[in-house]
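Everything below concerns the one structure shown next.
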Amino acid sequence: MISLTDFLIVGAILFCVGLYMIVSKQNAIQVLIGIELMLNAAILNLVAFGKYDRFNNGGQMFALFAIVLAAATTAVALAIILNVYKQYKTINPGEIDKLRD
Amino acid sequence: MSLVQFLFYLMALIAVTSAVFVASTKNLVRSIFMFFITLFALAGLYVLALADFVAITQIVIYVGGILVLILFAFMLSGKETLNAIGGQKGRFININKMPALLLSGLFLIVLVNMMFKIDANNLVWIKKAIVTKNIVMPNSQTTENIGINLMTKYLLPFEAISVLLMIALIGSAHLSRKGKGV
């Protein structure tokens, strides 16, 4: 059997890679990918613990909800990114410093 | 070492290396395509955690939906972004990246330390689940159980999420419509 700690450590590494991407990248799409990585690390933990809940399926259920939420987030975020690109001709989060014109 | 363990370590290795590659490469398109591999390896990990339905959902929604959407947005956002990415020269360990590297490294140390301290295999509720046989076995039918639970115990979150998806749909359609400013 695979121990829970192994799953948790893989999740921790993926989470930290996502954190690194969010903090350091100069491109909104890469920041978004970092967010997706962090979400996936969280989902991995949910699924790993969900193995010990056969009757209620709590872990797997909320993993599914998290996946759907990630899809919704990505759709809205990409629409916003495209709009920002139209306005500013750049998607570097460091250069977008005005709310309107 | 059993086959399951071997597969687990293989999948974990693939997921972690491709994630690091995604974070470190300069080429954005290449990083998006490597992200495919990360997601597939994660789906394999979900299968090894005996959550086959979540793994299929991961492949359908993440790989089929989200990544294609990201590729779309990237291709639509024009050539300047590509040039901007090519412009940031430098080695992997760049002095500008140092704070981010430090932050994530220290956070990783904290997380891993905590995970060894918590000793997840000996938590009280997990031991209780093992004693009461409340544990998913490789031959148990999870998908129909998920369906039944979704329609009974988790009906309220399910409905809430359907409303939220509707809001997201309307919001993104509103944001991306043509016409005078937002």
message = I'd like to check something: does the range B:80-91 contain any residue that is at pLDDT below 85, at the interface with chain A (Cβ under 8 Å from one of its Cβ atoms) and exposed (fewer than 13 other Cβ atoms within 10 Å of the Cβ)?
response = yes
key: Qualifying residues in the range B:36-78 (those that are among the aromatic types (Phe, Trp, Tyr) and crowded, with 17+ Cβ neighbours inside 10 Å) - the one farthest from the other protein chains (Cβ to nearest Cβ)   = B:PHE40
query = Looking only at the range B:21-33, which residues are farther than 21 Å from A:THR73 by Cβ and either polar (S, T, N, Q) or buried (at least 17 other Cβ atoms within 10 Å of the Cβ) (or both)?
reply = B:SER24, B:THR25, B:ASN27
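Residue-wise test of (1) in contact (Cβ under 8 Å) with a residue 60 or more places away in the chain; (2) in a helix (DSSP H, G or I); (3) not acidic (Asp, Glu).
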residue	(1), (2), (3)
A:ILE29	yes, yes, yes
A:LEU32	no, yes, yes
A:ARG54	no, no, yes
A:ILE80	no, yes, yes
A:LYS86	no, yes, yes
A:GLY94	yes, no, yes
A:ASP97	no, no, no
key: Some residue of the range B:143-155 being farther than 20 Å from A:ASN57 by Cβ and at pLDDT 85 or above   = no
note = Of the residues in the range B:137-179, those that are exposed (fewer than 13 other Cβ atoms within 10 Å of the Cβ), in a loop (DSSP other than H, G, I, E, B) and not polar (S, T, N, Q) come to B:MET137, B:PRO138, B:ARG177, B:LYS178, B:GLY179
query = Only one of A:PHE49, A:PHE62 is over 25 Å from B:SER104 (Cβ atoms), touching a residue at least 12 places away in the same chain (Cβ under 8 Å) and more than 7 Å from every other protein chain (Cβ to nearest Cβ); which?
reply = A:PHE62
request  = Run down B:LEU48, B:LEU69 and say which single residue is over 13 Å from the mean Cα position of the chain (by Cα) and either more than 30 Å from A:TYR52 (Cβ to Cβ) or at pLDDT below 90 (or both).
outcome  = B:LEU69
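The values are calculated or read from the model by the stated rules, or taken from the named source; none is laboratory data. Because the structure is predicted, anything quoted here is derived from the model rather than measured. All Cβ positions, even for glycine, are placed from backbone atoms using ideal geometry, and neighbour counts span all protein chains on display.
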